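In what follows, a structure is listed as structure tokens, so that the remarks can point back to it.
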Amino acid sequence: WREFTALTKAAGFELPEILGGLLVLLFLFIAYLESSGVVLGMFGSLPAAGLLLTAVAFVIGYPKRGLSEIALTLWGPVYIGGLLSYWIWLRDLSGGFFWITGALLLTWAYDSGAYFVGRKWGEHKPWPKLSPNKTLEGVVGGLFASTLIFLLVSRILLHTGGPTVGFGSAIGLGLTGG
């Protein structure tokens, strides 16, 4: 949430960090309650509640706060908390720990590969205004690193009783996961 608010601040919007952070935590808490069987059907109604809150907050906050600022405050947590909540449900699946760990490893491998290759050999900057330090060489390095890591992880899983991931699937997950 902190990175999201920093990006929106750079775009000229001031978001209430504590409110947004609490909404992200609310998403995660409700996802946990649903995955535990304590409450059912509540998670699906959160976006509708967010839309209603956006309308009410706009009416109350206008003209001090614009619709964009209100929407970012309420829908940013839907985006962040909603996506993170899937990790709670993913852990309950067969091999859930592997898939969560694999996603983290892919992300770290991609970021590390992109950083080191981009620093060493990066010359072509395709998006200088959007992301001035990103290079095409870094993208290739990140994809190579994430694919290599997932290939290694999939081979280790064959010997440790984890979920079976074929060679082609490991390559595909490494390329798309990065």
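What the table below lists for this structure:
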item: Relative contact order of the chain, defined on C-alpha pairs under 8 angstrom at six or more residues apart (%); result: 18
item: Cα gyration tensor shape for the stretch 70-178, rounded if a/c is under 1.5, else prolate or oblate; result: oblate
item: DSSP-assigned coil residues among chymotrypsin sites (Phe, Trp or Tyr not before Pro) in the stretch 1-89, each with at most 10 further Cβ atoms within 10 Å; result: none
item: Residue-normalised accessible area of the stretch 49-99, given per residue in Å² at a 1.4 Å probe; result: 64
item: Relative contact order for the stretch 94-178, counting Cα pairs under 8 Å that sit 6 or more residues apart, in percent; result: 34
item: Positive-pole candidate from Trp108, Gly118, Pro63, dipole of the stretch 50-178, charges at beta carbon; result: Pro63
item: Only Lys, Arg (+1) and Asp, Glu (-1) charged, at Cβ; the chain dipole about Cα centre in debye; result: 340
item: Using θ = phi - 60° and Karplus 6.51 cos²θ - 1.76 cosθ + 1.60, couplings along the stretch 63-73 (whole Hz; Gly, Pro as x); result: x, 4, 10, x, 4, 4, 5, 5, 5, 5, 5
item: Heavy-atom accessible surface of the chain: percent carbon and sulfur, 1.4 Å; result: 71
item: Exposure rank, largest accessible area first [Ile60, Ile70; 1.4 Å]; result: Ile60, Ile70
item: Dipole of the chain, positive direction: furthest Cα of Phe150, Pro77, Gly96, with charges on the beta-carbon; result: Phe150
item: The stretch 35-132, relative contact order [Cα under 8 Å, separation at least 6], %; result: 19
item: Most to least accessible of Val165, Val78 (protein chains only, probe 1.4 Å); result: Val78, Val165
item: Lysine pair number, Cα distance threshold 25 Å (strictly under), the stretch 1-145, separation 8 or more or different chains; result: 7
item: Computed over the stretch 1-159, Kirkwood Rh from alpha-carbon pairs, angstrom; result: 18.5
item: Kirkwood Rh in Å, taken over the stretch 122-178 so that all alpha-carbon pairs contribute; result: 12.5
item: Leu83 accessible area, assembled protein chains, probe 1.4 Å, Å²; result: 100
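The values are calculated or read from the model by the stated rules, or taken from the named source; none is laboratory data. The model shown is predicted, which means the values in this text are computed figures rather than measured ones. Here the Cβ is made from the backbone with ideal geometry for all residues, glycine too, and neighbour counts use every protein chain on show. Please note that ligands, DNA and RNA were not included when accessible areas were found on the heavy atoms of the full protein model with its side chains. Shrake-Rupley method; radii C 1.70, N 1.55, O 1.52, S 1.80 Å.
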